[in-house]
Amino acid sequence: MTEVNFTVDSSGARYAGDEKKPLLWVLREDLGQTQTKFGCGAGLCGACSVYVDDKLVRSCVLPISTVQNKVVRTISGLDDELGQRLKAAWERFEVAQCGYCQPGFILASHRLLSQTPPGQSLKWESISNLCRCATYERMRRAIEAVHAERPSP
Ligand code: FES
Ligand code: FES
């Protein structure tokens, strides 16, 4: 039995149990945070993506013991200006179909835009998430719109 103290979207969280339990299942089962989704469970699809501190991770393969004293940010806590712009663009372009993969995609898009200064080309290959509804084209348009709207430094 291990005890892990961490933060989820500005709230303190505590877990006591198996140190190898994936962060995804601690979020969903122990903390009731079901906005982070289970897709493949093997680190492949990106549905379970969250930030841990400033690093985007696939929480289905991340043991809970690794987030001790760290800050986990889910789609619910993605409320900085870029996160708000992305969520608004997702609505504007009616990106979601079933919606299941979308939290992970928005987080991956947030990381892509965070790493791309305004005016520079987007490295699409950095997003390897999967969408079974094939909403890729609408996602691309939403991301490009947010990128184009960003003020130059
Ligand atoms: S559920 Fe984690 S990568 Fe697919
Ligand atoms: S919108 Fe349905 S899986 Fe992506």
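Descriptive notes on the structure:
- With Cα atoms as the point set, the radius of gyration and Dmax of the chain evaluate to 15.6, 50 Å.
- Comparing Cα centroids, segment 47-83 and segment 118-150 end up 20 angstrom apart.
- For K70, the residues whose amide H sits under 5 Å from its own are T7, ignoring neighbours fewer than 5 places away on the same chain, with H placed 1.01 Å from N.
- Of all lysines in the structure, the ones whose alpha carbon falls short of 26 Å from that of K123, not counting any fewer than 8 places away in one chain, are K37, K55, K87.
- Over segment 44-105, all Cα pairs binned in 10 Å intervals from 0 give whole-percent P(r) values of 20, 49, 26, 5, listed from short to long.
- Taking every alpha-carbon pair under 8 Å whose residues sit at least 6 apart, segment 3-57 reaches a relative contact order of 18 percent.
- Positive-end residue, the chain charge dipole about Cα centroid, Cβ charges, pick of G46, S65, C133: C133
- Cα-based Kirkwood hydrodynamic radius, segment 6-69, one decimal, Å: 11.7 Å
Computed from the coordinates by the stated procedures, all read-outs in this text should not be read as laboratory data. What you see is a predicted model, and the numbers here were worked out from it, not measured in a lab. Because the Cβ atoms are built from the backbone with ideal geometry, glycine has one as well, and the counts that use them run over all protein chains shown.
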